[in-house]
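What follows draws every value from the coordinates through simple rules; no lab data is involved. Just so we're clear, the structure is a prediction, and the values are computed from it rather than from any experiment. Note: ideal-geometry Cβ built from the backbone for every residue, glycine included; neighbour counts use all protein chains shown.
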Amino acid sequence: MSSHSHVYVQGDVTIDPSAVISSGVILRANPESQIIIAAGVCIGAGSILHADQGTLEIETGVNMGTGVLVVGHGTIGANACIGSLTTIWNASIERLTVVPAGSVVGDVGRQVAEVSPAATPPVDSSNPPEAANPEPEQEAIASAPSPSPEQQDVNPPVDSQRHSSESTTEEDPESANSPAENSVYGQGSVDRILKTLFPYNQ
């Protein structure tokens, strides 16, 4: 009646002719393992049934959604409904059971320990850290040679240059506020678009 040519089958797999198996399903039984699919079973696209170390039996009327993964051995009881993207690992599902989509059911013998963030020692913020060697800095300042008279003559022109640069920077903010220099690149385009969109605001 139904053709299962669109299903990948490997190993000892028995499929009842009335079972409906969608495309892309993989049915694989390892050596000394078996898959039995009973009458009226419906298996959604992309599901994988992989029997290992025993028999994996899908009883009458079971409905499996798309992307279901069943690995190991066990029985899915009659008329059970397995939601899409569910994983069943070495477990049996009772008859008439509804398993929600995205569930993980099965052997919890192999658990992965959660990694907690590394504990950092508390920092005492009440006492600021002391400087390691504040004295050498003071010694360096105290031991700096005093300027010679020739060096003192050089310093006043630098001060006059500093005064002149400060006066030019004071003038710059005033000139920066002029309307010609405050234009924003693209402002004209934005204004034209706004006038086109909102002509009544002119």
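Computed values, structure above
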{"item": "Strands (runs of 3 or more DSSP E) wholly inside the range 14-109 containing at least 1 residues that are surrounded by 16 or more Cβ atoms within 10 Å (Cβ to Cβ), in contact with a Ser or Thr (Cβ under 6 Å, 6 or more places away or on another chain) and among the charged types (D, E, K, R)", "result": "48-58"}
{"item": "Of the criteria (1) out of contact with any Lys or Arg (no Cβ under 8 Å at 6 or more places or on another chain); (2) over 15 Å from TYR8 (Cα atoms), which one ALA80 fails", "result": "(1)"}
